[in-house]
C-alpha cells in the first residue's frame with residue numbers, strides 16, 4: 001500500500017479545492033480505510049486549505065499552497081505549506097461544537113479526524129501544517 005509522496009502546488013483559489021479533494025480521494029482509494037474515514041480526511045484537508053485561503057492569505061487568490069501527501073502502510077501524512085500570515089494552531093480557540101452557526105469549526109474538525117496535528121515554521125519562515133492519520137490502530 002505504500003506509495004511515493006505526491007506533491008501538489010495550487011493557487012489559493014477556492015475553485016482549486018476540488019482538485020485537492022480529487023487527489024486526496026485518489027490517494028485514499030488505495031488504502032484500507034472505510035469510505036467514512038476517507039471522507040472525513042478529505043474534509044479535514046479541505047478545511048485546512050480553506051483556512052489558508054481565508055485567513056493566512058486573506059483571500060489573495062494569487063498565492064500558492066503546497067501539499068505533500070504520503071501514504072504508508074501504517075500512516076497517512078499530509079504536509080501543507082503556505083507563505084501567508086504566521087499561524088499557531090494552538091493559539092486558536094475553537095468554539096463549542098454545540099454553538100450552532102456557520103464557520104469556525106475547521107480546526108475542531110481537523111483535530112477530531114487526524115491523530116497528530118502540528119503547526120510549525122519551515123527554515124524559510126513559511127507555515128507548515130502536518131497532519132497524520134494512523135492506519136493500523
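Computed values, structure above
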{"item": "Residues 54, 35, sorted so that the one with the fewest Cβ neighbours within 10 Å comes first", "result": "35, 54"}
{"item": "Segment residue 72-residue 21, length gained on full extension (0.36 nm per residue, minus Cα span)", "result": "16.5 nm"}
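Read the figures in this text as sums done on the coordinates, not as results from a lab. As the structure is a computational prediction, the values presented were derived from the model and not from experiment. When we count neighbours, we look across all protein chains shown, and the Cβ atoms used for this are built from the backbone with ideal geometry, even at glycine.
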